[in-house]
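Undergrad: Got a structure here, written out as structure tokens. Questions coming.
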Amino acid sequence: MIKVENVSMKFLIMHDRIRSLKEYTVALLKRRLKYEEFWALRNVSFEVRRGEVMGIIGRNGAGKSTLLKIISGILKPTEGKVKTGGNIVPMLELGSGFDLDLTGRENIFLNGAILGYSEDFLKSKYDEIVEFAELEKFIDVPIRNYSSGMLMRLAFSIATVVNPEILIVDEILAVGDEAFQAKSKARMMELMGGGTTVLFVSHNIEQIRELCNRVIWLDEGRIKMIGDKNEVCNAYRTVNICPQ
């Protein structure tokens, strides 16, 4: 379902203090721009079977989010390739496609279109989305007036309204208050139990143990360990302080 082959990702970090386009252009023409290479990922390879829930753990900066963006097609790797078999729904930055000047109702259709849902499909699922997000009283209010929790609830509801073949999840089970977190977790369990292949990033090791079949431990852009969830999580916790 997902095959990652020798994937590496290089970023160029510019250290010059350039404050305008003019300064950048002058420095570029005079070849004075100074870059440092930063490899976020190095020779990462693994496979995820159909219906499997693969956890990805690692400290901040280990390359987890970069890897998910490459698999989602948001970034193109510097080296290597990714093969996927099925439609992908990435849940990486909830609400990134929202327009703050539009209402919740309008953003359902805007964000849904960005995720690839048709207008007819969104109309058929509209009531379900609003009810799950618990925003009935606020759906015609411009979302610039929403709290961050309200925005996240709406984004989560739109993203999970379908049963995707591949779901890519980056730290999204902390959405909303405690009651909504329980509901969003139940929805995730429903998706996982329905045969959806899942890549799941979380700093919560106990959550990884509960939801995943196997786990990848990324460290400084490389796979340090991959295998049984308990073996990998136990090894990780021996050298890292993790939330219970």
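Undergrad: When you scan region 142-156, do you find a residue that is surrounded by fewer than 21 Cβ atoms within 10 Å (Cβ to Cβ), outside any helix (DSSP H, G or I) and touching a residue at least 60 places away in the same chain (Cβ under 8 Å), even just one?
TA: No, region 142-156 has no match at all.
Undergrad: Which ones in region 75-99 are more than 26 Å from Leu211 (Cα to Cα), surrounded by fewer than 20 Cβ atoms within 10 Å (Cβ to Cβ) and modelled with pLDDT of 90 or more? Spell out how you get there, then give the answer.
TA: Kept after step one, since they are more than 26 Å from Leu211 (Cα to Cα), are these residues of region 75-99: 75-81, 97-99.
From what's left, surrounded by fewer than 20 Cβ atoms within 10 Å (Cβ to Cβ): 75-76, 78-81, 97, 99.
Within region 75-99, Leu75, Lys76, Thr78, Glu79, Gly80, Lys81, Asp99 meet the criteria.
Undergrad: Also, quick follow-up: Taking the condition over 16 Å from the mean Cα position of the chain (by Cα) and not hydroxyl-bearing (Ser, Thr, Tyr), does Ala155 pass? Full working, then the answer.
TA: On the way: over 16 Å from the mean Cα position of the chain (by Cα): no; not hydroxyl-bearing (Ser, Thr, Tyr): yes.
Considered against the rule, which asks whether it is over 16 Å from the mean Cα position of the chain (by Cα) and not hydroxyl-bearing (Ser, Thr, Tyr), Ala155 comes out as no.
Undergrad: How many residues, within region 193-214, are farther than 15 Å from Ile2 by Cβ and of a type outside the set (Gly, Ala, Ser)?
TA: Of region 193-214, the ones farther than 15 Å from Ile2 by Cβ are 193-194, 202-211.
Now restrict to residues that are of a type outside the set (Gly, Ala, Ser): 203-211.
Matching residues across region 193-214 total 9.
Undergrad: So for region 194-215 (the condition being in a helix (DSSP H, G or I), in contact with a helix residue (DSSP H, G or I) (Cβ under 7 Å, 6 or more places away or on another chain), crowded, with 18+ Cβ neighbours inside 10 Å and at pLDDT 90 or above), does at least one residue qualify?
TA: Looking for residues that are in a helix (DSSP H, G or I), in contact with a helix residue (DSSP H, G or I) (Cβ under 7 Å, 6 or more places away or on another chain), crowded, with 18+ Cβ neighbours inside 10 Å and at pLDDT 90 or above, one finds at least one in region 194-215, hence yes.
Undergrad: Tell me, which residue of region 101-141 that is hydroxyl-bearing (Ser, Thr, Tyr) and part of a loop (DSSP other than H, G, I, E, B) is surrounded by the fewest Cβ atoms within 10 Å (Cβ to Cβ)? Full working, then the answer.
TA: Our first condition is that a residue be hydroxyl-bearing (Ser, Thr, Tyr); within region 101-141, this holds for 103, 117-118, 124, 126.
Still in the list and also part of a loop (DSSP other than H, G, I, E, B): 117-118.
Details: Tyr117: 20, Ser118: 10.
This residue is Ser118.
Undergrad: Given the residues Ser72, Ser65, Ser45, which is the only one that is polar (S, T, N, Q) and at pLDDT 95 or above? Break it down into steps so the answer makes sense when it comes.
TA: Details: Ser72 fails: at pLDDT 95 or above; Ser65 fails: at pLDDT 95 or above.
Just a single option satisfies the conditions, and that option is Ser45.
Undergrad: Residue under question is Val130, and the condition is that it be over 19 Å from Val198 (Cβ atoms), among the β-branched types (Val, Ile, Thr) and touching a residue at least 12 places away in the same chain (Cβ under 8 Å); does it hold? Step through it out loud before you land on a result.
TA: Numbers: over 19 Å from Val198 (Cβ atoms): yes; among the β-branched types (Val, Ile, Thr): yes; touching a residue at least 12 places away in the same chain (Cβ under 8 Å): yes.
Here the answer is yes, as Val130 does meet what is asked.
The values are calculated or read from the model by the stated rules, or taken from the named source; none is laboratory data. Computed from a predicted structure; not experimentally measured. Ideal geometry is used to build each Cβ from the backbone, glycine not excepted, and the neighbour counts take in all protein chains shown.
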